[in-house]
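Notes follow the structure.
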Protein chains: 4
Amino acid sequence: MAGTSYSGVELLRILQRHPEAVVTSVTGRRSAGKGLNEVFPHLATLDLTITEELADGVDVVFSALPRGAGAEKVAPLLEAGIRVVDIGTDFRLKDPEEYRSWYGADHPCPQYLEKAVYGLTELNRREVASAQLVANPGCYPTAAILALAPAVEAGIIEPDIVIDAKSGVSGAGQKVASEYMFSEVNESLRAYALDGHYHLPEMTQELGRLDSAGVSITFVPHLVPMTRGVLATCYAALRESEVGSGDAARARVREVYGGFYEDEPFVRVVDSPPATKQTLGNNVCAVYPTVDVRTNRLIVVSCIDNLVKGAAGQAVQNMNLMFGLPEDEGLKELALYP
Amino acid sequence: MAGTSYSGVELLRILQRHPEAVVTSVTGRRSAGKGLNEVFPHLATLDLTITEELADGVDVVFSALPRGAGAEKVAPLLEAGIRVVDIGTDFRLKDPEEYRSWYGADHPCPQYLEKAVYGLTELNRREVASAQLVANPGCYPTAAILALAPAVEAGIIEPDIVIDAKSGVSGAGQKVASEYMFSEVNESLRAYALDGHYHLPEMTQELGRLDSAGVSITFVPHLVPMTRGVLATCYAALRESEVGSGDAARARVREVYGGFYEDEPFVRVVDSPPATKQTLGNNVCAVYPTVDVRTNRLIVVSCIDNLVKGAAGQAVQNMNLMFGLPEDEGLKELALYP
Amino acid sequence: MAGTSYSGVELLRILQRHPEAVVTSVTGRRSAGKGLNEVFPHLATLDLTITEELADGVDVVFSALPRGAGAEKVAPLLEAGIRVVDIGTDFRLKDPEEYRSWYGADHPCPQYLEKAVYGLTELNRREVASAQLVANPGCYPTAAILALAPAVEAGIIEPDIVIDAKSGVSGAGQKVASEYMFSEVNESLRAYALDGHYHLPEMTQELGRLDSAGVSITFVPHLVPMTRGVLATCYAALRESEVGSGDAARARVREVYGGFYEDEPFVRVVDSPPATKQTLGNNVCAVYPTVDVRTNRLIVVSCIDNLVKGAAGQAVQNMNLMFGLPEDEGLKELALYP
Amino acid sequence: MAGTSYSGVELLRILQRHPEAVVTSVTGRRSAGKGLNEVFPHLATLDLTITEELADGVDVVFSALPRGAGAEKVAPLLEAGIRVVDIGTDFRLKDPEEYRSWYGADHPCPQYLEKAVYGLTELNRREVASAQLVANPGCYPTAAILALAPAVEAGIIEPDIVIDAKSGVSGAGQKVASEYMFSEVNESLRAYALDGHYHLPEMTQELGRLDSAGVSITFVPHLVPMTRGVLATCYAALRESEVGSGDAARARVREVYGGFYEDEPFVRVVDSPPATKQTLGNNVCAVYPTVDVRTNRLIVVSCIDNLVKGAAGQAVQNMNLMFGLPEDEGLKELALYP
């Protein structure tokens, strides 16, 4: 496992209770040589030392490295035949041009882009199962795509979509910066990245695969004074020809969503607007589709724990598929409430 | 002053530093007979007793009463020629039908609806100055209408608007309910009122007055784990014929907003996305208009302190106008930061 | 299981992953007849209906009922030979007089007081194992007694102790009251119960059993703007004759604590002051003993998750002992961080 | 004014409403050359540019600089006859040895230590009025000394005192460090500086001046997940010979405190345990003295806003005295509630 980020720590929490997983190696640059307990006192029982390099003989590597560094570290692992779940951003976009336009640099190993499977498990389950390299989705795309996929695939909405998303602060990772200090964030709320957030092309790419005409998305993320949780509120005009209007539209929408997620272990189509707290610490995505009958607009609210379904939990879900394990192994935990 | 709500307490804080105002009477039903200090220890220095009825000889009454009760209490005051700023919801809608459809009851004194001035000061300054009865706007409408009025009036957007708004918990007032308990709200985020929030018709009514074709609004409010602050993120398609696209559109939009709010003492068109904390405790509304150049959609983010510009502060701003005082008297305070 | 309180919900979360436990019955008065998912949407997967009465054939009942009601409900269960872990306050005090003086009422079934075992597992492990009725300790006593027991038992401190404790709001349970509303608690901190908190006699009773001379305690609890977590900071004069002073005293103190908790699965004597977050969601009690060398005073900081080691987790720990199961079954979870 | 710290920003907020003060200069090293509005958007209306050096012709300088740097900057100002209120820590301790032992460095200009007046206004009002250099107290000492001064001066307690203090995160200033990041602090609580906090010698020095025998203090600070507010809970054995015990002791204690603070504009001896929120944004210190009648121990709870009475507000209070202005000029604001 590479990385001592929040996602990495969450991964340790999940793998620790996973009956088929043994963590043999935790890597990190700045903390190399330290015991895990020195950096994270609550992990004292794991008794692991952080190293700069991976141990030999691993079956799977979870990588949570910054843009660029991830690809460089992952390439030799792939050469060596090791399976990789990349929690970073390096293998999510299929198009190297798109990668360059968002990150301002060429992709270090574009030959792997086509090979990588975008690991939004519910959409790409079969491909994940046989993948060597899974690109684990970002937290915002996980919440937003799960909120919109049934409607896009069913063709019941116009392809012009607004996604207003809100995240707890852990979504920014462990970055030490003035803007994430407690006194700056607490009792405050703000929108950010209004010129374009790098999670937008993931959404456009994956939702676009569900509708040959593609989709057009306005995405605005917000920073909320809480640690965990992402909530996406999605808006799109309903096609009256497809769903009718009023109560009929509402019923049809629920039918579409209920069908789409019928057998999913982690996506719940809920009957009332969900709160992020209902997914705290577990791998659930709660989806609430409804209709604004005044304007015949679809509204879908979805929420996840950004560090679980939005990162480490989905990574384990993907690992389970890659190794033929039950998909929910290690992921059965109920939410921590309150 | 009628009401011992959060808005009422905030009003006391503002009026206490207002050189022209003397609070002679604070009314409240449940707390009648108690000293203000018994209910609110931090107000001990005001040395007032809560009474059931108003003192005689007042020049202006601020009323913050529940739906229905407000109208009933206010009517006799109006008969007696007293000026009233109603912080409640009873006089905001012009159309008695609309009132009934949202509140499920007939308006107790519809004859005053036409007479009442909707007290969003920036839009109705002249009417407020000569009003006997001002209907102080709700917190969401204040943030949303100020965010959208320049664009609607200039005709640069299509009339189909999405308003995704977020509020701190004090927006729900002092209502003691399970859903507002600390352990339920903290570390959680949720959307609510997806079937329609009673602040929607205020927005439709007031923005509709700026465009003869009217506007169509989808409005979704969210509850954020903070005490104060409302942030509205507003979305509408730009008319390319009016603003062009890309950087040109962005420049034109800023021109429209800059011009509209040029001389406003309390509305600031800001250069970067504002945080609610920048308005904590003061009467400012920060407005950030920008363009999603990928979709040529207008995005406007606005924020206020829901208890100040969204309630008590705007009420005092209106009072100042009604009595020919400087509009910012008692309202010059900087935001509390951090 | 009786009770739909926060402790009860936490118990469900723990028992759900306990390989030897099957929850057959959840009782509640106000919610009887409802599905668990209607009251707690995040528990939808448990598929249980809340009932007024317990199912037949249970092996153990967890009771989390208010003072008085708990004893009344529990008595017939005991008569029927069922084992009970009472998370309420009814069986913690041995002395019926003490009960009356704190609760202002006679104990409904004092014959069980002697029979009940005070379930602070680490101190009374053997008695718990053979008990029919375990009185699960309060959250404050759990943190405070574990912080002080080694020093009291070793006779290294004077018996005059100050316990300054701090709790998150869930410690007050699901009580809907103005003082626990988000807007009242958030961004605020206060001491309470300065005339005496009902957890004090638990501490005096249990610590007193470790020193024949008894102990004298000043206990002040505080309400902190967070949901979970109890932190106790304990102060007592060291006996120089027993521990010396300066570095020698510090070393001796750590020796005493290290020895006392050597084989404990859930108590960790840590090397730096612990944060409550290090125990979030798990059954750990972190204890940090140190010496103020300027005054030769022992300072011990301890922290727990009030709903886990301070309630549901310790209850399961006790159940495990009562049924001869491994003590940590169902309780191996790492803390949720961040 | 030197410094763009949280205390500095709070000072600007207070001075902006002070009828006798004009801020002519704001200095800062890293931000020199920037407009104040670029660093703090909410201060846009002040229209000041941050400079490296002070403007000429100032009457008083508020300095909020780090240890050592403060003394060096202040010395030439004093030479030039300018009055200075130092919000930093450089002039608080009288004894250069004590300074060295806490800060590990010699004082840069020890000749000013004797000259400086410790600006806890209520204790040293007369000296402040005629001082050229006022050392503004730390936030913890302000809360703790005001809590204990009446008891120490009256000789009613033993001189062995425990001060358990709790602070919001802004007390750490604007320091950008991992430990103050939102995700680390939120939903967590911890004690720190158990080996000795540099605010301890201030307390010992100032309380020691009230009792010829001196005092001995154990002081443990805690970090609380809120932005503003300090609450100190203080414990000391009462001298039964002086106050008796039980209700008599309680009455005598309140008499001592009531008398001591009788005419103070900013210290309130309150009837119930205060919450920090009751002092949010204003210069009040609420003091609640009571007696634990079981142990005849004095308990005093005090609270302040650390950035107001604990820093910028008290600095202005001192400035008012130094210039013969009404002591409460600019400081009459009520607390922001909720």
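Within region B:278-304, which residues are in contact with a strand residue (DSSP E or B) (Cβ under 8 Å, 6 or more places away or on another chain) and either farther than 17 Å from B:ALA149 by Cα or in a helix (DSSP H, G or I) (or both)? So that I can check it myself, show each step before the final result.
Going through region B:278-304, the residues in contact with a strand residue (DSSP E or B) (Cβ under 8 Å, 6 or more places away or on another chain) turn out to be B:278-279, B:284-292, B:294-304.
Result: B:GLN278, B:THR279, B:ASP292, B:ARG294, B:THR295, B:ASN296.
Of the residues A:VAL269, A:VAL230, which single one is in contact with a Gly (Cβ under 7 Å, 6 or more places away or on another chain), within 12 Å of another protein chain (Cβ to nearest Cβ), open to solvent by less than 10 Å² (accessible area, probe 1.4 Å) and within 18 Å of A:GLU122 (Cβ to Cβ)? Explain how you work it out, then say what you get.
On the way: A:VAL269 fails: open to solvent by less than 10 Å² (accessible area, probe 1.4 Å).
One residue alone meets the criteria, A:VAL230.
Does B:VAL39 satisfy the condition of being aliphatic (A, V, I, L, M), open to solvent by 40 Å² or more (accessible area, probe 1.4 Å) and under 23 Å from D:ASN283 (Cβ atoms)? Step through it out loud before you land on a result.
On the way: aliphatic (A, V, I, L, M): yes; open to solvent by 40 Å² or more (accessible area, probe 1.4 Å): yes; under 23 Å from D:ASN283 (Cβ atoms): yes.
So B:VAL39 passes the test.
Please state which of the following conditions A:LEU65 fails to meet, knowing it meets all the rest: (1) at pLDDT 95 or above; (2) away from every other protein chain (no Cβ under 13 Å); (3) buried (at least 17 other Cβ atoms within 10 Å of the Cβ).
(1) is the only condition that A:LEU65 fails.
Being within 14 Å of chain D (Cβ to nearest Cβ) and within 15 Å of the chain's Cα centre (by Cα) narrows it down to one of C:ALA191, C:ALA165, C:ALA172, C:ALA135, so name that one. Before the answer, list the steps.
Values: C:ALA191 fails: within 15 Å of the chain's Cα centre (by Cα); C:ALA172 fails: within 14 Å of chain D (Cβ to nearest Cβ); C:ALA135 fails: within 14 Å of chain D (Cβ to nearest Cβ).
Of the residues listed, the single one that is within 14 Å of chain D (Cβ to nearest Cβ) and within 15 Å of the chain's Cα centre (by Cα) is C:ALA165.
Which condition does C:GLY330 not pass, out of (1) touching a His at 6+ places or on another chain (Cβ under 6 Å); (2) within 20 Å of B:SER183 (Cα to Cα), if it passes all the others?
Against the list (1) touching a His at 6+ places or on another chain (Cβ under 6 Å); (2) within 20 Å of B:SER183 (Cα to Cα), C:GLY330 comes up short only on (2).
Kindly list the number of the only condition in (1) of a type in the set (Gly, Ala, Ser); (2) under 30 Å from C:TYR288 (Cα atoms); (3) open to solvent by less than 30 Å² (accessible area, probe 1.4 Å) that fails for A:ALA44.
Evaluating A:ALA44 over (1) of a type in the set (Gly, Ala, Ser); (2) under 30 Å from C:TYR288 (Cα atoms); (3) open to solvent by less than 30 Å² (accessible area, probe 1.4 Å) leaves (3) as the failure.
For D:PHE260, all conditions in the list (1) closer than 28 Å to C:THR295 by Cα; (2) out of contact with any Ser or Thr (no Cβ under 9 Å at 6 or more places or on another chain); (3) more than 11 Å from every other protein chain (Cβ to nearest Cβ); (4) crowded, with 17+ Cβ neighbours inside 10 Å hold save one; what is the number of the exception?
(1) is the only condition that D:PHE260 fails.
How do the pairs read when you match residues in region A:257-284 that are more than 17 Å from A:LYS309 (Cβ to Cβ) with residues anywhere that are basic (Lys, Arg), using Cβ under 7 Å and keeping only pairs 6 or more apart or on different chains?
From region A:257-284, the pairs are A:PRO273/B:ARG190.
Any chance region B:95-110 includes a residue that's touching a strand residue (DSSP E or B) at 6+ places or on another chain (Cβ under 8 Å) and either among the β-branched types (Val, Ile, Thr) or open to solvent by 10 Å² or more (accessible area, probe 1.4 Å) (or both)? Spell out how you get there, then give the answer.
Initial filter on region B:95-110 (touching a strand residue (DSSP E or B) at 6+ places or on another chain (Cβ under 8 Å)): none.
No, because not a single residue in region B:95-110 is touching a strand residue (DSSP E or B) at 6+ places or on another chain (Cβ under 8 Å) and either among the β-branched types (Val, Ile, Thr) or open to solvent by 10 Å² or more (accessible area, probe 1.4 Å) (or both).
Considering only residues of region B:201-213 that are aliphatic (A, V, I, L, M) and open to solvent by 10 Å² or more (accessible area, probe 1.4 Å), which is nearest to the other protein chains (Cβ to nearest Cβ)? Full working, then the answer.
We begin by selecting, within region B:201-213, every residue aliphatic (A, V, I, L, M); these are B:203, B:207, B:210, B:213.
This time we only want the ones that are open to solvent by 10 Å² or more (accessible area, probe 1.4 Å), so: B:210, B:213.
Numbers: B:LEU210: 19, B:ALA213: 15 Å.
Among those residues, the one meeting the criterion is B:ALA213.
Here are the criteria: (1) out of contact with any Ser or Thr (no Cβ under 6 Å at 6 or more places or on another chain); (2) under 30 Å from D:ALA165 (Cα atoms); (3) of a type in the set (Gly, Ala, Ser); (4) part of a helix (DSSP H, G or I). Tell me which single one C:ALA143 does not satisfy.
(1)
Consider B:ILE82 carefully, then state whether it is more than 24 Å from B:PHE323 (Cβ to Cβ) and crowded, with 17+ Cβ neighbours inside 10 Å. Outline the logic, then answer.
Details: more than 24 Å from B:PHE323 (Cβ to Cβ): no; crowded, with 17+ Cβ neighbours inside 10 Å: yes.
Answer is no for this residue.
Please verify whether region B:224-231 includes one or more residues that are within 20 Å of the chain's Cα centre (by Cα), among the hydrophobic types (A, V, I, L, M, F, W, C), farther than 16 Å from B:SER302 by Cβ and at pLDDT 95 or above.
Yes, because at least one residue in region B:224-231 is within 20 Å of the chain's Cα centre (by Cα), among the hydrophobic types (A, V, I, L, M, F, W, C), farther than 16 Å from B:SER302 by Cβ and at pLDDT 95 or above.
So, in region B:196-217, of the ones that are charged (D, E, K, R) and over 16 Å from B:TYR140 (Cα atoms), which residue ends up nearest to the chain's Cα centre (by Cα)? Walk me through how you get there before you give the answer.
Step one: filter region B:196-217 for residues charged (D, E, K, R), giving B:202, B:206, B:209, B:211.
Those still in the list that are over 16 Å from B:TYR140 (Cα atoms) too: B:209, B:211.
Values: B:ARG209: 18, B:ASP211: 21 Å.
Step by step, filter region B:196-217, then rank; the result is B:ARG209.
Give me the residue from region A:4-24 that is farther than 13 Å from A:ASN283 by Cα and of a type in the set (Val, Ile, Thr) and, out of that set, most open to solvent (accessible area, probe 1.4 Å).
So the residue we want is A:VAL22.
Filter region C:272-302 for residues that are more than 8 Å from every other protein chain (Cβ to nearest Cβ) and at positive phi and give the result.
Result: C:ASN296, single match.
Among the candidates D:ALA165, D:ALA172, single out the residue that is modelled with pLDDT under 95 and open to solvent by less than 40 Å² (accessible area, probe 1.4 Å). Spell out the reasoning first.
On the way: D:ALA165 fails: modelled with pLDDT under 95.
Testing whether each residue is modelled with pLDDT under 95 and open to solvent by less than 40 Å² (accessible area, probe 1.4 Å) leaves just D:ALA172.
Which of the residues spanning region C:29-45 are modelled with pLDDT under 90 and under 20 Å from C:VAL316 (Cβ atoms)?
C:THR45
Which of the residues spanning region C:321-338 are under 24 Å from C:GLY138 (Cβ atoms) and either within 14 Å of another protein chain (Cβ to nearest Cβ) or free of Cβ contacts under 8 Å to residues at least 12 places away in the same chain (or both)?
First pass over region C:321-338, keeping only residues under 24 Å from C:GLY138 (Cβ atoms): C:321-323, C:327-331, C:333, C:335-336.
Scanning region C:321-338 gives C:ASP328, C:GLU329, C:GLY330, C:LEU331, C:GLU333, C:ALA335, C:LEU336.
Only residues that are within 28 Å of C:GLU158 (Cα to Cα) and out of contact with any Phe, Trp or Tyr (no Cβ under 7 Å at 6 or more places or on another chain): list them for region C:278-296, please. Steps first, please.
At the first step, the residues of region C:278-296 found to be within 28 Å of C:GLU158 (Cα to Cα) are C:284-296.
Hits for region C:278-296 are C:ALA286, C:TYR288, C:THR290, C:VAL291, C:ASP292, C:VAL293, C:ARG294, C:THR295, C:ASN296.
The values are calculated or read from the model by the stated rules, or taken from the named source; none is laboratory data. Just so you know, these numbers come straight off a predicted model, no measurement behind them. Heads up, the Cβs are rebuilt from the backbone with ideal geometry, glycines too, and the neighbour counts pull from every protein chain shown. Accessible surface areas use protein heavy atoms only, side chains included; no ligands, DNA or RNA. Shrake-Rupley method; radii C 1.70, N 1.55, O 1.52, S 1.80 Å.
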